[in-house]
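Heads up: the structure comes next, in structure tokens.
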Amino acid sequence: MIRAIRGATTVSNNDEREIIDETKQLLIEMIRQNDVNAEDVVSVLISMTDDLNATFPAKALRHLDGWTYVPVMCMREINVPQALPKCIRVMMTVHTKRAQQDIHHVYLRDAIQLRPDLQLTKKLDM
């Protein structure tokens with residue numbers, strides 16, 4: 001079965017190191033909570049809001065052992081008025097035996113407000 005795992009986080013500044021570090025933390029948590037192996041990943045899409053452009057957040061994936069050959073693409077988020085600023089979103093498409101309701105979507109930092117309806121949403125204080 002192919003399923004998508006969603007995740008999002010925010011950064012405080014348009015800073016290369018912070019963007020990479022926060023994206024890496026989000027990816028690690030998505031992988032951990034869903035028992036994802038790189039070999040089972042179809043692709044990863046990463047978007048950022050217009051106020052972020054210091055680096056490609058996909059660089060964070062390249063820092064993970066075994067993830068060299070996973071296809072990843074960065075893009076801009078739609079610029080909606082009053083949208084959450086400095087936000088990084090991830091859509092990871094994977095092969096899994098998990099039912100849709102058993103997928104753990106991960107929202108960190110200020111991004112927890114994007115999907116408060118998900119029970120497993122949590123805020124990690126960094």
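No value in this document is a laboratory result; all are computed from the given coordinates. Treat the numbers as computed from the prediction; the structure is a model and nothing was measured. Here the Cβ positions follow ideal geometry from the backbone for every residue, glycine too, while neighbour counts run over all protein chains shown.
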> Amide H to amide H under 5 Å from ASP51: which residues, 5+ apart in sequence or cross-chain, H placed 1.01 Å off N in plane?
Replying inline: LYS86
>> Using each residue's phi in the range 108-117, evaluate 6.51 cos²θ - 1.76 cosθ + 1.60 at θ = phi - 60° and report the 3J(HN,Hα) Karplus result to the nearest Hz, with x for Gly and Pro.
In response: 10, 6, 5, 6, 4, 6, 6, 9, x, 6
>> Could you order the peptides 40-51, 57-68 from most to least packed, using the average number of other C-beta atoms within 10 Å per residue?
In response: 40-51, 57-68
> Which of the aspartates and glutamates could a cross-linker span from LYS86 if the Cα-Cα distance has to be under 20 Å and same-chain partners fewer than 8 positions apart are dropped?
Replying inline: ASP15, GLU16, GLU18, ASP21, GLU22, GLU29, ASP50, ASP51, GLU77, ASP110, ASP125
> Taking the Cα atoms of the range 47-91, what is the range of coordinates along each of the three principal axes, in descending order and whole Å?
Replying inline: 38, 19, 12
> Per residue of the chain, what 222 nm ellipticity follows from adding -39500 (n - 2.57) for every DSSP H run with n ≥ 4, rounded to the nearest 500?
Replying inline: -5000 deg cm²/dmol
> Residue-wise, which Karplus ³J(HN,Hα) couplings in Hz belong to the range 36-47, taking 6.51 cos²θ - 1.76 cosθ + 1.60, θ = phi - 60°, and x for glycine or proline?
Replying inline: 8, 9, 3, 4, 8, 8, 7, 6, 10, 10, 10, 10
> Taking the alpha-carbon set of the range 2-114, what are its Rg and Dmax in Å?
Replying inline: 13.3, 38
